[in-house]
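Enquirer: Would you mind keeping the following structure in view while I ask a few things?
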Amino acid sequence: GLLEMSRQRLRSSISESNYRVCQLCDGTGQIRHVTSSALSFLRILEEEALKENTEAVFAELPVDIATFLLNEKRHEVNQIEARLGT
């Protein structure tokens, strides 16, 4: 006989977990979640800190992303600062 199987998705898609619906355009656009934006910035910060001639890294961030980094990812930020020697 023939056995037919279907696969049920248990987790949300990457876009669903990394983006939220834009309230201004009623969902035609997407905005990154604070967590996703903060982690993306953290990766960029680490890349810049690893460059040979980097003495300091300056960034302007939205308040919610900066707050997330300082409250939830302070240890990682401190490690990057320690590598830079600041």
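Derivation of every value follows stated rules applied to the coordinates shown; laboratory data play no part. The structure presented is a predicted model; accordingly, all values stated were derived computationally and were not measured. Here the Cβ is made from the backbone with ideal geometry for all residues, glycine too, and neighbour counts use every protein chain on show.
Enquirer: (1) outside any helix (DSSP H, G or I); (2) in contact (Cβ under 8 Å) with a residue 12 or more places away in the chain; (3) not polar (S, T, N, Q): which one isn't true of Arg83, the others all being true?
Expert: Looking at each condition in turn, Arg83 falls short on (1).
Enquirer: Going by the structure shown, is Ala82 farther than 26 Å from Ile14 by Cα and either surrounded by 11 or more Cβ atoms within 10 Å (Cβ to Cβ) or touching a Cys at 6+ places or on another chain (Cβ under 8 Å) (or both)?
Expert: Criteria not met by Ala82.
Enquirer: Would you pick out the residues in the range 1-60 that are in contact (Cβ under 8 Å) with a residue 12 or more places away in the chain, aromatic (Phe, Trp, Tyr) and either under 23 Å from Asn78 (Cα atoms) or in a helix (DSSP H, G or I) (or both)?
Expert: Phe41
Enquirer: Another question about this same structure. Filter the range 16-44 for residues that are more than 17 Å from Asp64 (Cβ to Cβ) and of a type in the set (Gly, Ala, Ser); which is farthest from the chain's Cα centre (by Cα)?
Expert: Keep residues of the range 16-44 that are more than 17 Å from Asp64 (Cβ to Cβ), which gives 16-17, 25-29, 43-44.
Now drop any that are not of a type in the set (Gly, Ala, Ser), which leaves 17, 27, 29.
Values: Ser17: 11, Gly27: 21, Gly29: 18 Å.
Here the residue is Gly27.
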